[in-house]
Amino acid sequence: DPKNMMGASDFRNGRYLTCSAIFRGRVAMKEVEDQMRNVQNKNSSYFVEWIPNNIQTALCAIPPRGLTMSSTFIGNSTSIQELFKRVGEQFTAMFRRKAFLHWYTGEGMDEMEFTEAE
């Protein structure tokens, strides 16, 4: 769900270099490991093959307050390039219009610094 992501990018357009799954609550570690292995085998095209054992799992037996179980997935994916490309395009569009540039030049920056950053 994109609303639960820190950076909105479509993971299907990239490949996972590494990832971590953290579980809290009453979960059997064997079940967690088996399920993570199944996920990696079924979706092998989303994982790079040149980094062995690139999935880490962690388990905490104490569930969060008010819940019986929770999990968190953290992935290092090449799909982040979409976000950087989009931000770069937005920067270029705003810089061409010189939007907000006066705030920075008023603080002592030079317009050439933005040209070099582009």
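The values are calculated or read from the model by the stated rules, or taken from the named source; none is laboratory data. Since this is a predicted model, take the numbers as computed values, not measurements. Every residue, glycine as well, gets a Cβ built from its backbone with ideal geometry; the counts of neighbours run over all protein chains shown.
Brief remarks on what is shown
- For segment 29-48, the set of residues classified as surrounded by 10 or more Cβ atoms within 10 Å (Cβ to Cβ) and over 16 Å from Arg12 (Cβ atoms) consists of Met29, Glu31, Val32, Glu33, Asp34, Gln35, Met36, Arg37, Asn38, listed by residue number.
Every residue, every condition in (1) surrounded by 13 or more Cβ atoms within 10 Å (Cβ to Cβ); (2) of a type in the set (D, E, K, R); (3) modelled with pLDDT under 90, yes or no:
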position	(1), (2), (3)
Trp50	no, no, no
Asn53	no, no, yes
Leu59	yes, no, no
Ile62	no, no, no
Leu67	no, no, no
Ser71	yes, no, no
Ile74	no, no, no
Phe84	no, no, yes
Val87	no, no, yes
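- Selection within segment 68-113 - part of a loop (DSSP other than H, G, I, E, B) and within 25 Å of the chain's Cα centre (by Cα): Thr78, Ser79
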